[in-house]
Protein chains: 2
Amino acid sequence: MPDLNLILKKIEPSPEEKTRVENLAKQLIQIINQKAQREGIPAEAILVGSVAKGTRLAGKADVDIFITFPLSCSEGYIKKKGLKLGHHAIKKLGNGYEERYASHPYVTGFINGYEVDFVPCYAITEGRELKSAVDRTVLHTRYITAHLKANQKGEVLLLKRFMQVVGCYGSEFKVGGFPGYLAELLILEYETFMGVLEQAAHEWRPGYQVDLEAYGTASQFNDPLVVVDPVDEKRNVAAALTLQKMAEFVVAASRYLDNPSPDYFFRKDKKIDTKTLKEEFLSRGTVNLVLTSPAPEIPEDALYPQIRKTEHSLMKILKRSGFRVWGSDSVSYQGRILIILELEVNLLPPFKKHYGPQIWNRVHSRSFQEKYHPHCWLEDDTWVALVKRGHTTAESLLKYVISPDGIHHLRTGRHLKDQLINGYQLKALPEFLEEEKPDQKVLAWLYHYLHKDELPGDIY
Amino acid sequence: MPDLNLILKKIEPSPEEKTRVENLAKQLIQIINQKAQREGIPAEAILVGSVAKGTRLAGKADVDIFITFPLSCSEGYIKKKGLKLGHHAIKKLGNGYEERYASHPYVTGFINGYEVDFVPCYAITEGRELKSAVDRTVLHTRYITAHLKANQKGEVLLLKRFMQVVGCYGSEFKVGGFPGYLAELLILEYETFMGVLEQAAHEWRPGYQVDLEAYGTASQFNDPLVVVDPVDEKRNVAAALTLQKMAEFVVAASRYLDNPSPDYFFRKDKKIDTKTLKEEFLSRGTVNLVLTSPAPEIPEDALYPQIRKTEHSLMKILKRSGFRVWGSDSVSYQGRILIILELEVNLLPPFKKHYGPQIWNRVHSRSFQEKYHPHCWLEDDTWVALVKRGHTTAESLLKYVISPDGIHHLRTGRHLKDQLINGYQLKALPEFLEEEKPDQKVLAWLYHYLHKDELPGDIY
């Protein structure tokens, strides 16, 4: 049993770091509020997020400052004035900025080694006043600050860190895991880190419900895990959690309880050897193809749904064409996307069996025969035809699916489509390794594809 | 539109042949009845079957004489005395005999080029008195003789011949098709040959019911086609008809109606060329294996269920082991059985994916992990493991399934088992053709496997 206090010491920010970031936040808020007052802007900056809640892990360099406006202001006004106030603060203390866009525009400043987000939003007091998703963040910060006991902050840190290391942390599309706010709510519900693991390991099932404020709305949601937002009864905080990640967390929890180890809190940076990796792939005897393409320049959270959609559509097309797909994975890295596809065999016969209607549907039965006779026959009362297969190898099929004259059958993303058509490459895995000499991050991604039962390590 | 009367002329026995067989039957009955009277045996021989009903096709050489006893006699008695009377008749006129066994023992005599079956049975007047399946034959003969109009006999002949040529005639296990009595009942129901085809083509569906005597018992049966026996309300005359053969008949009927041709009444004896056949198999790009074995010396109707069971069990084992089976067929011929198995590919990877429990079943989830860790992972909430495949080729798997030390996993027949273990051979189809130089019958069987949409021709 590892000493959780000892672990906590290593994963929580040092008192100096805490003071430093809190002072920085105070300073920035002061700058903004003074400026607003001077200019007669009815805005008030407040600190939100994990810094405000005291649930920030060491090493995380994000500070979230929300600039709140009364509901009477127009959206155009708060955007213009909010961003202006943000820029002002960055100019005073920072050394660079980037304008970004979530459901809402905001500006990020790089200040003393921190990434500080300045987000204009409405000052609301309950969920039903909500105009945009970011408005809710203020309510979340307030709820957690009000309810989380001082001694529970460490529990949150342990849980978040555990989730990170087992690969389940983060609600972004790339992961589909647990958002930080969800981790905090779970600690409110189950008191401690160990309490969450116990419940997850023994009690959770698909559709499991947590409803801290007893709104009674949990049954309205049809998600793997339902945690009703204490500040908005119409929202499931776990909506973005996939069944896969919920299941992975449950398994990790139950393994930790069986065999607690500090490994669950500290990532090991595994050195992957290309030659060993290649041999391991070859020993599976399957066909592994790597498709790469330049990534469009859009935020990760917009890109990942497009990558996954492409990956799943490729799998579906391969399956529909008679190839058995063992698995696949995809990743965006350094301006490229990479998709690995693993197939049972590469070469299929030049013909395939095509199943048709039952003979009792006289109309369809007739047209099936007209189309396929004499290359059709009955299996029990169902028509089957022998038809020429368009592509006997997966490579040939994929080269048709994405070809210079456009895509065929593939469902991909709006931004990804042109990048694929103009810049994709398809290689067998051994060639990919030899020719591209991918770096440790890509090797780790491939290694994790083969070793899903290991802790993911430093690949996220 | 072929002239059905002209066709009928070719398929019905000539007047001379009719007279000859009727006279022979009368003579045999007289011999038996006189002998019975002389010896004080309370038996009466009667002519049954297609000769008695006037529904015999030309060239068929079977005569059925049933030796009926009162219900008061013991089974031992009627067996002993009945067989004795049969032997007596054969001795008088015939040149050889064979004792046989269906659900009941009987003796077959070879007399003037005919095969005459002498079958001891009880004289019953209705179905409920039935002691054995053969007793019913007398009632069937009586029912058809009483109800079939003279001009309908030709309709029965056309229907039977059509069924023969399209490969659907005969209730024996080898075919699983329409028995002669069923063909007769269908003519009683629909009046004419064309009437049967019309109904089959347009109206039949699985579960279709015919109930000539309006017993109202048809819904008790769960067979593809239900024709309540007019002499036994508890029996479905179509019980042995498979869905496959019913469907084939429906398709043949509807094709004949679209495009009537004398081809449906006269088999063409196709000359099959080994080289062409081999090329055709090779061009499919599939893997074709032929398994042969000596056949045990048991009647065909006892052998076929064992062959089919073996064939289906082999397919199931191959499928379960990850091989995609495109099709199979089996036949018994000249003291051997032959099974063809067609597979999509021969070689599979040395590992396979093995699906386990969902993680929510905590007990099974734990034991699955204990067994497979670290070679297991989650797909959504379901466990999957990578396990070594026992056999990477179908040939190696089959050689394990039937090996000199016994059979593994295979469900086969009691009589076939030892023959398989001691005498089976497994060859790829090209080798089989080259090394065994099979005769036209076997070639026709293989040809029909590839050309199921053609009339089966002279292979049954």
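The values are calculated or read from the model by the stated rules, or taken from the named source; none is laboratory data. Quantities reported herein were computed from a predicted structural model and do not represent experimental measurements. Backbone-built Cβ (ideal geometry, glycine too); neighbour counts: all protein chains shown. Accessible surface is based on the protein model in full, side chains and every heavy atom, while ligands, DNA and RNA are left aside. Shrake-Rupley method; radii C 1.70, N 1.55, O 1.52, S 1.80 Å.
A few remarks follow.
- Computed about the Cα centre, the dipole magnitude for the range A:216-292 is approximately 360 debye when only Lys and Arg (+1) and Asp and Glu (-1) carry charge, each at its Cβ.
- Of the chymotrypsin sites (Phe, Trp or Tyr not before Pro) in the range A:161-219, those whose Cβ has at most 14 other Cβ within 10 Å and which sit in DSSP loop: A:Tyr215
- Around B:Ser332: net Lys/Arg minus Asp/Glu count, Cβ-Cβ under 9 Å: +1
- Here the simple spin-label model places points 7 Å from the Cα toward Cβ, and for A:Trp360 and A:Glu172 these points are separated by 5.4 nm.
- Between the helical axis of A:75-93 and the longest alpha-carbon principal axis of chain A there is an angle of about 70 degrees.
- The charge dipole of the protein assembly as shown, taken about the Cα centre with unit charges on the Cβ atoms of Lys, Arg (+1) and Asp, Glu (-1), comes to about 600 debye, rounded to the nearest 20.
- Rg followed by Dmax, in Å, when the range A:148-266 is reduced to its Cα trace: 13.3, 39
- Extents of the range B:129-204, taken as max minus min of Cα coordinates on every principal axis and listed largest first, are 38, 31, 21 Å.
- Using θ = phi - 60° in the Karplus curve 6.51 cos²θ - 1.76 cosθ + 1.60, the 3J(HN,Hα) couplings for the range B:410-416 round to 6, 9, 10, x, 3, 7, 7 Hz; x is entered for Gly and Pro.
- Rounded, prolate or oblate (a/c below 1.5 giving rounded, otherwise prolate when a/b exceeds b/c) for the range B:360-459 by Cα gyration tensor: prolate
- Paramagnetic reach from A:Leu257 (point 7 Å along Cα→Cβ, amide N under 12 Å) across the range B:349-367: B:362-363
- Assigned charges on the beta-carbon of Lys, Arg, Asp, Glu; the range A:148-266 dipole about Cα centre (debye): 320 debye
- Furthest towards positive pole of dipole, A:Ala200, B:Ser283, B:Phe69, structure part the protein assembly as shown, Cβ charges: B:Ser283
- Projected area, mean over directions - the protein assembly as shown, Cα convex hull, nm²: 51.0 nm²
- The range A:107-254 - percent relative contact order, Cα under 8 Å, separation 6 or more: 21 percent
- Lysine pair count for the range B:341-460 with Cα-Cα distance under 15 Å and sequence separation of 8 or more or different chains is 7.
- For the range A:265-320, chymotrypsin sites (Phe, Trp or Tyr not before Pro) are listed when DSSP marks them as loop and at most 15 other Cβ atoms sit within 10 Å of their Cβ; the list is A:Phe266.
- Summed over the residues of chain A and divided among them, the accessible surface reaches 46 Å² per residue at a probe radius of 1.4 Å.
- Each principal axis of the range A:1-127 carries a Cα extent, and these read 55, 35, 25 Å when sorted largest first.
- Shape category assigned to the range A:234-297 from the gyration tensor of Cα positions, a/c cut at 1.5: oblate
- The range A:209-316: C-alpha gyration tensor shape, a/c 1.5 cut-off, then a/b vs b/c: oblate
- Bins of 5 Å from zero: percent of alpha-carbon pairs in the range A:304-363: 4, 14, 21, 15, 12, 11, 9, 6, 4, 2, 1, 0
- Against chain B, whose longest principal axis is taken from its Cα atoms, helix B:300-320 shows a tilt of about 20°.
- J(HN,Hα) series, the range B:224-233, from Karplus relation 6.51 cos²θ - 1.76 cosθ + 1.60, nearest Hz, glycine and proline x: x, 10, 10, 10, 5, 5, x, 9, 7, 5
- Whole-Å distance, taken between Cα centres, linking the range B:148-170 and the range B:243-321: 23 Å
- Length-normalised contact order of the range B:151-207 in % [C-alpha pairs under 8 Å, at least 6 apart]: 30 percent
- Nearest-ten-degree value, helix A:274-284 long axis tilted from longest Cα axis of chain A: 50 degrees
- Debye-formula intensities of the range A:196-259, expressed as log10 I(q)/I(0) at q = 0.19, 0.25 Å⁻¹, are -0.69, -1.00 (one equal scatterer per alpha-carbon, no solvent).
- The convex hull defined by the C-alpha atoms of chain A has an orientation-averaged projected area of 28.3 nm².
- Percent of alpha-carbon pairs separated by more than 20 Å within the range A:272-388: 61 percent
- As a length-normalised measure over Cα pairs under 8 Å and 6 or more apart, the relative contact order of chain A settles at 12 percent.
- Over the Cα atoms of the range A:77-195, the radius of gyration divided by the Kirkwood radius equals 1.02; this is the Rg/Rh ratio.
- The range A:207-290: GluC sites (Glu not before Pro) falling in loop per DSSP and having at most 16 other Cβ within 10 Å: A:Glu213
- In whole angstrom, the range A:1-75 maps to an equivalent ellipsoid with semi-axes of 34, 13, 7, each derived as √(5λ) from the alpha carbon gyration tensor and ordered largest first.
- Between A:Lys399 and B:Arg128, the simple label model (points 7 Å from Cα in the Cβ direction) yields a spacing of 7.7 nm.
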